[in-house]
């Protein structure tokens, strides 16, 4: 068995990479990082460091052109403010729409790219870091239903050769960190913050979630934050 | 309603484009052409001519990098012979594998790219030229089951905003040509042949299928062939 891991350099996908390496062995794992025109290169830099740490094969794709027409606030070209604060609070103000940080069908696109590459590289399985705290009202391509649907599409469309597995899809972010801490995942090398400053902002939705997940495990997040 | 049409410049997708324009009006249609590193630019040239003919908005993407590791015979980088003859004969010799002309998960990748762009451009529907003559044993990402599965994934992952429709999925290629002839589709501008010579080869699987579809309608294919 050989696995391809969709790997952003963030907390969830780094833990998924660690899990795949643990299960299949480092020579049977390929990590795939995709740029989508985000505001900064901190995630890509983090993905390079983590891949080097594990000595795993690492493929990089730039798909920014596909998001050329999107008004998503995470995209560099849009020069928009990224909303701050807890996701649940952001959602209250939404009125049924997706968040401005929803990158249109990003996970579907990334998983499909991963399927094409998995077939070429002889991988049977795609690992993907979605988890149950992802708010599907805001990020519909993070839901369990979506993961099941794209898994079926990839399985059928690959001639029954490739499956998608979201090993954390029923887990909370705190459980992911728990697994990672038990398996010595190098969280000090990862990057989650939506902003691209020297230190993580500590105020955006993803920073808040990350900080909470470490706190739930009684452990200090090893990366530096602008706020305490 | 606004439609995005996955549009290669071939016979099927040009007819799908004509159908979308007929149904939604030319100002509510976006055509998307994707390069995947194929041996020649004849399809892309054809897509430009057809888009210009209809005066429809036309977006072009180059996704060749994703197929960098594939050994598919349609890719320029591989410099492999493309198998000749009828698909059914090619399949007999296959022994359960996909054809060498299967581009790994190409349709899934293209439809996912289309979903990202459709969301950005406010399109509700993606048109896609798959039909019932597509041999799913060789091209699993052309089957009806796959179209249904990717439709569900795109619908869920887009927050119930975008659907995939394969208007020809229950039709034969001859029926597509029938519809196109009735709607004056400019087939003289299209390109289907896997080879990139001045004239279509008339010998590859796709040329043979195309010639048969015109013959079934009692009409001569308006493009030129190397063979009679």
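Of the residues examined, residue B:7 is not one that is at positive phi, surrounded by 22 or more Cβ atoms within 10 Å (Cβ to Cβ) and modelled with pLDDT of 90 or more. Among the residues of the range A:168-180, is any touching a residue at least 12 places away in the same chain (Cβ under 8 Å) and in contact with a strand residue (DSSP E or B) (Cβ under 8 Å, 6 or more places away or on another chain)? Looking through the range A:168-180, none of the residues is touching a residue at least 12 places away in the same chain (Cβ under 8 Å) and in contact with a strand residue (DSSP E or B) (Cβ under 8 Å, 6 or more places away or on another chain).
Only residues that are in a loop (DSSP other than H, G, I, E, B) and touching a strand residue (DSSP E or B) at 6+ places or on another chain (Cβ under 7 Å) were counted in the range A:1-38, giving 5. Which one of these does residue B:128 not meet: (1) without any contact (Cβ under 8 Å) to a residue 60 or more places away in the chain; (2) in contact with a helix residue (DSSP H, G or I) (Cβ under 8 Å, 6 or more places away or on another chain)? Condition (1) is where residue B:128 drops out. Output yes when any residue across the range B:17-38 is more than 19 Å from residue B:115 (Cβ to Cβ) and modelled with pLDDT under 95, and no when none is. Scanning the range B:17-38, I find at least one residue that is more than 19 Å from residue B:115 (Cβ to Cβ) and modelled with pLDDT under 95, so the answer is yes.
For the range A:109-142, which positions are at the interface with chain B (Cβ under 7 Å from one of its Cβ atoms) and either in a loop (DSSP other than H, G, I, E, B) or more than 26 Å from residue A:86 (Cβ to Cβ) (or both)? Within the range A:109-142, A:109, A:112, A:113, A:115, A:116, A:117, A:119, A:120, A:121 meet the criteria.
Kindly indicate the residue of the range A:81-108 that is surrounded by 23 or more Cβ atoms within 10 Å (Cβ to Cβ) and not in a helix (DSSP H, G or I) and also modelled with the highest pLDDT among those meeting that condition. For the range A:81-108, the residue satisfying everything is A:105.
Consider residue B:192 carefully, then state whether it is within 9 Å of chain A (Cβ to nearest Cβ), more than 19 Å from residue B:30 (Cβ to Cβ) and under 15 Å from the mean Cα position of the chain (by Cα). Criteria not met by residue B:192. Within the range A:211-228, residues that are assigned to a helix (DSSP H, G or I) reach partners that are modelled with pLDDT of 95 or more and loosely packed, with under 13 Cβ neighbours inside 10 Å with beta carbons closer than 7 Å, at six or more positions or on different chains, in the pairs A:214/A:220. Being outside any helix (DSSP H, G or I), more than 9 Å from chain A (Cβ to nearest Cβ) and within 21 Å of residue B:45 (Cα to Cα) is a property that holds for residue B:197. If you go through the range B:151-172 one residue at a time, do you hit one that is within 14 Å of chain A (Cβ to nearest Cβ), surrounded by fewer than 18 Cβ atoms within 10 Å (Cβ to Cβ) and part of a helix (DSSP H, G or I)? Scanning the range B:151-172, I find no residue that is within 14 Å of chain A (Cβ to nearest Cβ), surrounded by fewer than 18 Cβ atoms within 10 Å (Cβ to Cβ) and part of a helix (DSSP H, G or I), so the answer is no.
The values are calculated or read from the model by the stated rules, or taken from the named source; none is laboratory data. None of the values given here were measured: they were computed from a predicted structure. Methodologically, a virtual Cβ is constructed for each residue, glycine included, from the backbone with ideal geometry; neighbour enumeration extends over all protein chains shown.
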